[in-house]
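Have a look at the structure below, then the notes.
Nothing in this text is a laboratory measurement; each read-out follows from the coordinates by a stated rule. Since we're looking at a predicted model, the values are computed, not measured. Quick reminder, even Gly has a Cβ in these numbers, built from the backbone with ideal geometry, and neighbours come from all protein chains shown.
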Amino acid sequence: MKLLLDSTRCQGYGLCQEPAPELIDLDEWGYATVRVTEVPPGGEDAAEAAVAACPNSALRLVK
C-alpha cells in the first residue's frame, strides 16, 4: 500500500499528520510532506485515518 500526496490540493491544515506522525511530516508552513510512501506493516490504520482527516482529499492510498 502506498500513501500519495497531491501537494497542489494541500492547504496546510496539518490534520493528516495527527493520526500518522510516522508517515507524514509538516513543513515550516504546515503543509504535509509524506515521509514514507510505502506504508509499513501495521501502519494501514494510521494511513487510512490520515487520508480521512484531509479535508481537501490531498492524500490517497493505492494498492
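Across region 22-32, rounded Karplus estimates of 3J(HN,Hα) from the backbone phi angles (6.51 cos²θ - 1.76 cosθ + 1.60, θ = phi - 60°) give 7, 10, 10, 10, 10, 7, 5, 9, x, 7, 6 Hz, Gly and Pro being marked x. To the nearest 10 degrees, how steep is helix 44-53 against the longest Cα principal axis of the chain, on a 0 to 90 scale? Roughly 30 degrees, rounded to the nearest 10. For the chain, applying the loop criterion from DSSP together with a ceiling of 10 other beta carbons within 10 Å to the chymotrypsin sites (Phe, Trp or Tyr not before Pro) yields W29. Which distance in nm do the two modelled labels at K2 and E44 give, with both placed 7 Å along the Cα-to-Cβ direction? Going from the K2 label point to the E44 one covers 1.8 nm. Between the beta carbons of V62 and E18, assuming R0 = 30 Å, the FRET efficiency works out to 0.85 to the nearest 0.05.
Its Cα gyration tensor gives the chain an equivalent ellipsoid, and the semi-axes of that ellipsoid, as √(5λ) in whole Å with the largest first, are 17, 11, 10. For the chain, excluding the exposed loop sites themselves (GluC sites (Glu not before Pro), DSSP loop, at most 15 other Cβ atoms within 10 Å), the longest remaining stretch covers 29-63.
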